[in-house]
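The values are calculated or read from the model by the stated rules, or taken from the named source; none is laboratory data. In this text, all values refer to a predicted model and were calculated from it rather than measured experimentally. Note that we place each Cβ from the backbone using ideal geometry, even for glycine, and neighbour counts take in every protein chain shown. Please note that ligands, DNA and RNA were not included when accessible areas were found on the heavy atoms of the full protein model with its side chains. Shrake-Rupley method; radii C 1.70, N 1.55, O 1.52, S 1.80 Å.
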Amino acid sequence: MPNLEHPAYPAATLLHLESLVPCRESQVSMLLSIFGERQQFSFPSIFIYGHTSSGKTYVMQTLLNTLQLPHVFVNCVEYFTSRLLLEEILIQLQSYSSETEQTSHVPCDTFNDFVRLFKQAVASRELEDQTLYVVLDRAEQLREMEVNILPGFLRLQELTDRNVTVVLLSEIVWELFRPSTGCFEPFTLYFPDYSIGHLQKILSQNHPPEYSADFYAAYINILLGVFYMVCRDLKELQHLAALNFSKYCEPVVRGEANERDTRKLWKNIEPHLKKAMQTVYLREISSSQWERLQRDDGEPGQLKGLSAHTHMELPYYSKFLLIAAYLASYNPVRTDKRFFLKHHGKIRKTNFMKKHEKTSNHLLGPKPFPLDRLLAILYSIVDIRVAPTANIFSQITSLVTLQLLSMVGHNDQLDGPRYKCTVSLDFIRAIAR
């Protein structure tokens, strides 16, 4: 039984729409109820919010295109000023008017001009008889524009006296939008994150025709078992699924296993999925380069181009400052004398040291340290004499700006600033080389 029902649209169209938006049937059903029939006035403004890759943009585009509803779709990041945004809406509106054959640039400096030109553009018969939808994607950018832009869009139906609905798509909640002076409250609709079952169902739909659906579903199950805890972005998971599927199929292609031999397939793909864990969300190499590296069976540490942030170019003393900060964060203060003094004398091992000697400081995380200790370690590990000049202190500030160091506490501390090293051991090893 279909989940989507509406008297204004054919059942076959709704069934096709339902197949295009899996796991979002309840949200689409709510939107259809709000939209009503084509000629009816809908809610003046709708605010749809949810995390990244929760289907907001895709569902709205698919819904409007499948039902062939007149709409304008604008990305507020691409059109980042009010003038660019308003002019783009008017240009797209001209394509719906049969009177204007080709779109022409219409200057629009203020929202008053936009309302006047909007009325003229919607005066055509094609747009008078049905609701026009103005969809603003990445709507959080509207907060950076003039103060009258957001309230104006929320009341566009009232200002223009036309059958128009404004839909705002955002990743943040409405409470962060609401102006202090107040405004018309839109209808809010939340798109929750996809669950692991939803991701399994959506990703399994893209199986190649040469393999069975069960075989590809088993691969997606393995992929989600590895990546779901660190990545729930549908787009990123689709990229990872397409990138590693050929490696998963290798035993089947070579005849070493059949499609149901899950154990052999898992043992073959496991090391490559672990390598891919290092590059989640990173695009430091292309997909073809990654496939070439997989064929060469390179180790993660030998992959050229991966984790390029470990090869960051820093000034000469900044490298030593970063190494000194790492040593200060992960070594106890009581070990400084033993590590950084040539003639430190005998160090008596206490019961305390024996009890904790097996505990790795890397498991405990970085500890804060004062500026004096950082400079003392720096003077010890640099071969030449270093004077505490303004250049050294400015480089420490630059490391904090780059988020390689973090300042603990406030700037107005009387006992001097305290810092903490935020980089990993692999990063320090690359710098130390």
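Residue pairs whose Cβ atoms lie under 6 Å apart, separated by 6 or more positions or on different chains, with the first residue in segment 211-223 and farther than 19 Å from residue 274 by Cα and the second surrounded by fewer than 17 Cβ atoms within 10 Å (Cβ to Cβ), are 215/259. Within segment 116-143, being part of a helix (DSSP H, G or I), under 27 Å from residue 173 (Cα atoms) and open to solvent by less than 70 Å² (accessible area, probe 1.4 Å) holds for 139, 140, 141, 142.
On the given criteria, is residue 170 in contact (Cβ under 8 Å) with a residue 24 or more places away in the chain and over 30 Å from the mean Cα position of the chain (by Cα)? It is false that residue 170 is in contact (Cβ under 8 Å) with a residue 24 or more places away in the chain and over 30 Å from the mean Cα position of the chain (by Cα). Here residue 193 fulfils each of the conditions (1) within 30 Å of residue 45 (Cα to Cα); (2) out of contact with any Gly (no Cβ under 8 Å at 6 or more places or on another chain) apart from (2).
Residues in segment 328-338 include at least one that is touching a Leu at 6+ places or on another chain (Cβ under 7 Å) and either over 20 Å from residue 421 (Cβ atoms) or at pLDDT 75 or above (or both). For the subset of segment 144-169 comprising residues that are in contact with a Pro (Cβ under 9 Å, 6 or more places away or on another chain) and open to solvent by 40 Å² or more (accessible area, probe 1.4 Å), which member is farthest from residue 95 (Cα to Cα)? The extreme case among them is 147. Residues in segment 182-207 that are farther than 14 Å from residue 237 by Cβ and either in contact (Cβ under 8 Å) with a residue 40 or more places away in the chain or not assigned by the TED database to the domain that holds residue 227 (or both): 182, 183, 184, 185, 186, 187, 188, 189, 190, 191, 192. Counting only helices (runs of 4 or more DSSP H) that sit wholly inside segment 206-277, those with at least 2 residues that are under 25 Å from the mean Cα position of the chain (by Cα) and modelled with pLDDT of 90 or more are 213-227, 234-253.
Kindly evaluate residue 348 against the criterion of being open to solvent by 50 Å² or more (accessible area, probe 1.4 Å) and either modelled with pLDDT of 80 or more or charged (D, E, K, R) (or both). Yes, satisfied.
For segment 21-53, a residue qualifies if it is part of a helix (DSSP H, G or I) and over 23 Å from the mean Cα position of the chain (by Cα), and the qualifying residues are 25, 26, 28, 29, 30, 31, 32, 33, 34, 35.
Identify all residues within segment 365-408 that are touching a residue at least 12 places away in the same chain (Cβ under 8 Å) and at positive phi; write none if there are none. If the condition is that a residue be touching a residue at least 12 places away in the same chain (Cβ under 8 Å) and at positive phi, then 403 is the only one that fits. Only residues that are open to solvent by less than 40 Å² (accessible area, probe 1.4 Å) and of a type in the set (S, T, N, Q) were counted in segment 170-220, giving 2.
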